[in-house]
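Asker: One structure follows; several queries about it will come next.
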Amino acid sequence: MDILGYEFNGIVQDHVVYRLNKKPSALTNYRYLIVSERIDDVSSPWLDIFIVRDFNRVEKVLKRNLKKKIGLEVTLSGLRKTDGLQIGKWFNQIRELYKFCESSSCQFILSSGANSLLEMISGRSFDAILKICDIKPERYWLELEEWLANRNERRCFLTA
Amino acid sequence: MSSKIDVLEAVIKRNAELFGYIAAQKSSLRLIRSDIEDIMIVSCKLEALDRVLSTVALIYPPMLVTDMSGSLKRLRRRLNEITLIV
């Protein structure tokens, strides 16, 4: 799963899951996930994905208020301008976050955080980064696919 | 071509920063001639592939890996097909 790097242009595409900041007021004809990076939203019943910027800072709050089965997402875009030392620490945090997700029945999500096409990351590059984080890519993608299917099964959508 | 050399040097430098200077040298990153203006072809050792891919994903300015192959001939053919579609 990755952010495609551009805003919704009004035309619904098949096989695309849209990211929304809040729950739609009516049924939609597209699949969506509700995303937030506000820590207060972690306990909300409508939240699908919480974006983790700094796991060390939010770990205690997550342990207290986290709903099961939500996605905890980390993005790579912010790392492009940081030095090697910070990136090393980030990889350490990711390993800790992954273990936390496993123990708390949440889904770990790695995404590019792309805001443009050039910032997108290929699937093979994702696999390389997952291996550095000591995460098996095959297992990651399988779990992510199951989580995504499970998330969408609970919702009703308008069909053409 | 000189700008592509600069980009390659930036990738090598970033690779060294992330994975160490010895690992960067062992990666054997090399620039291969590409006739397509905005596309660089880079070769590396197979055992260094994961590190090189991670480096490209974590470098600024951002760059995108569009294709990979073990054969230069196949890669050039596929790149020509991509640019035709674009």
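Values in this text are rule-based calculations from the coordinates and carry no lab data. If you're wondering where the values come from, they're calculated on a predicted model, not measured in any experiment. For neighbour counting, all protein chains shown are included, and Cβ atoms are generated from backbone atoms with ideal geometry for every residue, glycine included.
Asker: Would the protein assembly as shown count as rounded, prolate or oblate if I go by the C-alpha gyration tensor, calling it rounded below 1.5 in a/c and otherwise prolate when a/b exceeds b/c, oblate otherwise? Write out the running numbers ahead of the final one.
Answerer: Details: a/c = 2.33, a/b = 1.48, b/c = 1.58.
Verdict is oblate for the protein assembly as shown.
Asker: Can you tell me the dipole magnitude for the protein assembly as shown around its Cα centre, using point charges on the Cβ only (Lys, Arg +1; Asp, Glu -1), in Debye to the nearest 20? Mind dumping the intermediate values first?
Answerer: Details: 38 positive and 31 negative charges, 82 e Å.
Magnitude of the dipole: close to 400 debye.
Asker: Past the 16 angstrom mark, what percentage of all C-alpha to C-alpha distances in the stretch B:10-86 do you count? Each step should come with its number before you reach the end.
Answerer: Values: 1481 of 2926 pairs.
Every Cα pair in the stretch B:10-86 considered, those over 16 Å come to 51 percent.
Asker: If the cut-off is 22 Å between C-alpha atoms, which lysines fall inside it for A:K63, apart from same-chain ones fewer than 8 positions away?
Answerer: A:K63 reaches A:K89, A:K99.
Asker: Separate question: Going by alpha carbons, how many degrees (0 to 90, nearest 10) lie between the helix axis of A:137-153 and the longest principal axis of chain A?
Answerer: 30 degrees
Asker: Okay, moving on. If contacts are Cα pairs under 8 angstrom and at least 6 residues apart, what is the relative contact order of chain A in percent? Display every interim value, and only then the final one.
Answerer: Values: 193 pairs, mean separation 43.6, N = 160.
For chain A, the relative contact order is 27 percent.
Asker: Net charge near B:A48, counting Lys/Arg +1 and Asp/Glu -1 over other residues with Cβ under 12 Å of its Cβ?
Answerer: On the way: positive: B:K26, B:R30, B:K45, B:R51; negative: B:E47, B:D50.
Cβ neighbours under 12 Å give a net charge of +2.
Asker: Same structure, new question: Write down, largest first, the equivalent ellipsoid semi-axes of the stretch A:17-153 in whole Å, where each equals the square root of 5 times an eigenvalue of the alpha-carbon gyration tensor. Numbers along the way, then the final one.
Answerer: Values: eigenvalues 110, 65, 48 Å².
Listed largest to smallest, the semi-axes of the stretch A:17-153 are 23, 18, 15 Å.
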